[in-house]
Structure formats: structure tokens, C-alpha cells
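*Asks:* There's a structure below that I have some questions on.
The values are calculated or read from the model by the stated rules, or taken from the named source; none is laboratory data. These numbers come from a predicted model, not from an experiment. Don't worry about glycine lacking a Cβ; one is built from the backbone with ideal geometry, like all the others, and counts go over all protein chains shown.
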Amino acid sequence: MTQTISVSCKLQVPVELCPEIDATLQAFADACNQILEVAKRENCRNVTRLHHLTYRQVRTMTGLKANHACQAIRRVVGNMKATKQVHKFRSTSISLDARVFAYRESDQHVGITLMNKRVWLPLSIGNYQLALLKGQTPTAATLVKRRNGDYYIQIAIDLPTEPTGKTPKVIGVDLGRRDIATTSTGQSWNGRQLQATRDRYSKVRANVQRKRTRSSRRLLRRLSGREQRFQKWVNHNISKKLVEQAKQIGAAIAFEDLTNIRNSLNQKPRNKTERRRTNNWAFYSLRVFTGYKAAIAGVPIVLVPPAYTSQACHHCLHIGERSSKSFKCSHCGFSGDADHNAALVISLLGGALVNQPEVPFLSCNLPDLSRDKATSPCGCG
Ligand SMILES: [Zn+2]
């Protein structure tokens, strides 16, 4: 098994080549926008059909190479499938496949086919990228122009994953807003600074949005990038620590399966601030980051059903009382930190899933507990 990740490498581009690259980026964006128009008009999300509808026209209008045009079609279809509304493509990146991209390890160069010629450009990279690229023959990459004018190439590589075995140990992770993540092993990452940063950005954004001038639009775009980068950095750190810890003690990582939480949460009446806080991508990206890091390290990931995880007592599995930060179980008398309790419940559920996947729910075997099943999350009888 392998896990695909992308390695971001800075390119050393001679000044005289920049216009050539920019022209290719612009042509690719033009092609994407043309294809998008057709795709919307014909309501078509099929690569082959869209190819028949647009290929010839795109080649003659933009002057792109054949493979660039094919990649543009794929890019449009991919974006349309990923997000509900695709508005417009900007000339900031171009997808490359094996016919228009090559990596030469001997002198750390990449070959890129532009509109009119093929160029070899040296990579400007450190040990981290060198180690990842060692021995690889990548067949896909994305050429990106950053806002400051630097060019980067994101090279897709396949890393071998370690086999994930069965393990009785499971680290449960509760994702929350006060604490970004709390583990069943007692570790937690405070979310207050993150929330404060996010609230500050949101406030500035609201102020700037009211003005609607060109400079305010520019500021807006810069802000959104900064907020995202901060969030990404936080999530990379947390996911790295989580996987390291799990690897060390040979455990699996369990998360709540929050796939549809956004929809169900939004149906309840909540105020605007609350809505914004739960609608961001933070949780999703944290799980994605943890997922690929875990795959490489051979740490299994389990997703458990989220029902009752924050209300059940990890001790006796009965419903307890949760008041913001603390949790109290009137059944067995346990009381403690609410997030930690939830993480422990997730760890129990995860353990049940990993070790006996045929019985995907916890059931308490204790006869005296199974009597009041109305209050028991396991629903056993
Ligand atoms: Zn209890």
C-alpha cells in the first residue's frame, strides 16, 4: 500500500523565463474557464464527454499543448465534483502529468513543458524535500505561482505505508472548540488562542467587507490566506504529535465520525458567531492530516459513531450530566473533565471497532446495567 502526498519545492526561475511561464499559466486558466462554461451549460461532469465537447476549441483558442488541455479538463471536472460552486479559475497554477513533467534526481532539476518549449529548472530545496524525493519517479505535479511572485512545484509522490495490524490499544480523540483536541491519554491542545485569532480575523473581515473598495478586497484575500496558514500550521502540529504518540505505544487513533455534523448542526437555531465557528474546515483538515500521517506510520485510524460520546460516562456507559467543562455521572459517581471523558468513550468505542469489527457498538455485559437501557448508549438489553 502507498500513500500519495505532495512535496512543495521552490523553483529557481531565471527572470527571462517568467513571462513564458506566466503565459502558460494564463492560457491554462483561460482554458479552464472556457471548459467550465461549457460544462455548466451542458451540465456535464464527465471527462470523456467534456473532452469531445471542448478539446479542439480549447487548443485553437489558447494554443496550449495537448496534455495541458487534457489536464485542464480534468481540473475543471475535479473542482466541480469537489465543490458545489466553481466560479472562476485564476492564473496561479497548472496541473502537469508525466508527458509534460519530469524529475531528475541526479542534479535536482524538474523538466516542465510550457506552451512553446520544454525547460529544465533547478529546485531550491532542503533536506526534508530531498529525503522525500529520494529514489522517486513522480508522474504528476502542479506548478504554482505564489502571490509574492515565487514559483513552486508541488510534486506528487507515493510513500510506502507500514502495514496496520490489530492492536488492543486505542487513543480516543475528542475534537472540540474550547480545546481543539483532547486525547484519552490526557493530552489536550488549547483552542483559546486559535479561537481568538479566528475571531479577530473575522472581525477585521466584517469591517473591511463593508467598505467594498479595491484595496479592501486585496486585504481580504491576504487575511484569508493568513488565517488558513495559521490553522494549517496548528493542525499539522497536532496531527504529528498524535501520530507520534500512537506509534510509540503501538495504538490506533479513534475519531468521531463527523461527516454529516455540519448539516445536522446547522438545522438547530444558533447565532451567527456559533454558526461560523462550527462551519470551518478545521476539524476536517485535522483528521485528513492525521489520516495520511498515520497511514505512512502504520497507525490504524478508526471512526466511531458520534452519538452520545460526550454524554456517556466512560466508566459505566450511562448518560451523565455535562455542564460545559465538567462531567458527572450519577450512576457510578464518576466526575471529571468533560472532554477527557468524551475522549475515553471514543477510545472505548474505537477499541470495540478495532478488535471485533463484527460488533460495531459497545455493549455492557454487566447485568445490573443493562436493565435501564433507555439511558444506556449501547442499547443493549
Ligand atoms: Zn458512570
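*Asks:* Every residue in the stretch 20-59 that is within 28 Å of the chain's Cα centre (by Cα), under 24 Å from Y151 (Cβ atoms) and among the polar types (S, T, N, Q), please.
*Replies:* Matches in the stretch 20-59: Q26, N33.
*Asks:* Right, next: If you go through the stretch 60-71 one residue at a time, do you hit one that is within 23 Å of the chain's Cα centre (by Cα) and at pLDDT 90 or above? Reasoning before the result, please.
*Replies:* Within the stretch 60-71, the first condition is being within 23 Å of the chain's Cα centre (by Cα), and the residues that meet it are 71.
Retained after the next criterion (residues that are at pLDDT 90 or above): 71.
Yes, the conditions are met somewhere in the stretch 60-71.
*Asks:* Hey, among the residues in the stretch 296-308 that are within 13 Å of V345 (Cα to Cα) and out of contact with any strand residue (DSSP E or B) (no Cβ under 6 Å at 6 or more places or on another chain), which one's modelled with the highest pLDDT?
*Replies:* P305
*Asks:* Exactly one of these conditions fails for Q129: (1) assigned by TED's automatic domain parsing to the domain that holds V110; (2) in a loop (DSSP other than H, G, I, E, B); (3) touching a residue at least 60 places away in the same chain (Cβ under 8 Å). Give me its number.
*Replies:* (2)
*Asks:* On the given criteria, is Q85 touching a helix residue (DSSP H, G or I) at 6+ places or on another chain (Cβ under 8 Å) and either surrounded by fewer than 16 Cβ atoms within 10 Å (Cβ to Cβ) or free of Cβ contacts under 8 Å to residues at least 24 places away in the same chain (or both)?
*Replies:* On the way: touching a helix residue (DSSP H, G or I) at 6+ places or on another chain (Cβ under 8 Å): no; either surrounded by fewer than 16 Cβ atoms within 10 Å (Cβ to Cβ) or free of Cβ contacts under 8 Å to residues at least 24 places away in the same chain (or both): yes.
The answer is no for Q85.
*Asks:* Kindly evaluate A27 against the criterion of being in contact with a helix residue (DSSP H, G or I) (Cβ under 7 Å, 6 or more places away or on another chain), at pLDDT 95 or above and over 30 Å from L130 (Cα atoms). Step through it out loud before you land on a result.
*Replies:* Numbers: in contact with a helix residue (DSSP H, G or I) (Cβ under 7 Å, 6 or more places away or on another chain): yes; at pLDDT 95 or above: yes; over 30 Å from L130 (Cα atoms): yes.
The answer is yes for A27.
*Asks:* Considering (1) in a loop (DSSP other than H, G, I, E, B); (2) surrounded by 21 or more Cβ atoms within 10 Å (Cβ to Cβ), say which one T137 fails and leave the rest.
*Replies:* All conditions are met except number (2).
*Asks:* Ok, one more. In the stretch 98-109, which residues are touching a residue at least 12 places away in the same chain (Cβ under 8 Å) and under 17 Å from H68 (Cα atoms)? Working first, answer last.
*Replies:* In the first step, residues of the stretch 98-109 are kept if they are touching a residue at least 12 places away in the same chain (Cβ under 8 Å); the result is 98-101, 103-105, 107-109.
If the condition is that a residue be touching a residue at least 12 places away in the same chain (Cβ under 8 Å) and under 17 Å from H68 (Cα atoms), then A98, R99, V100, F101 are the ones that fit.
*Asks:* Limited to the stretch 321-348, what total is found for residues that are within 12 Å of the ligand (Cβ to nearest atom) and part of a loop (DSSP other than H, G, I, E, B)?
*Replies:* Within the stretch 321-348, residues that are within 12 Å of the ligand (Cβ to nearest atom) and part of a loop (DSSP other than H, G, I, E, B) number 6.
*Asks:* Return yes or no: is R75 buried (at least 16 other Cβ atoms within 10 Å of the Cβ), assigned by TED's automatic domain parsing to the domain that holds K117 and touching a residue at least 40 places away in the same chain (Cβ under 8 Å)? Explain how you work it out, then say what you get.
*Replies:* Numbers: buried (at least 16 other Cβ atoms within 10 Å of the Cβ): yes; assigned by TED's automatic domain parsing to the domain that holds K117: yes; touching a residue at least 40 places away in the same chain (Cβ under 8 Å): yes.
Against the criterion (buried (at least 16 other Cβ atoms within 10 Å of the Cβ), assigned by TED's automatic domain parsing to the domain that holds K117 and touching a residue at least 40 places away in the same chain (Cβ under 8 Å)), R75 qualifies.
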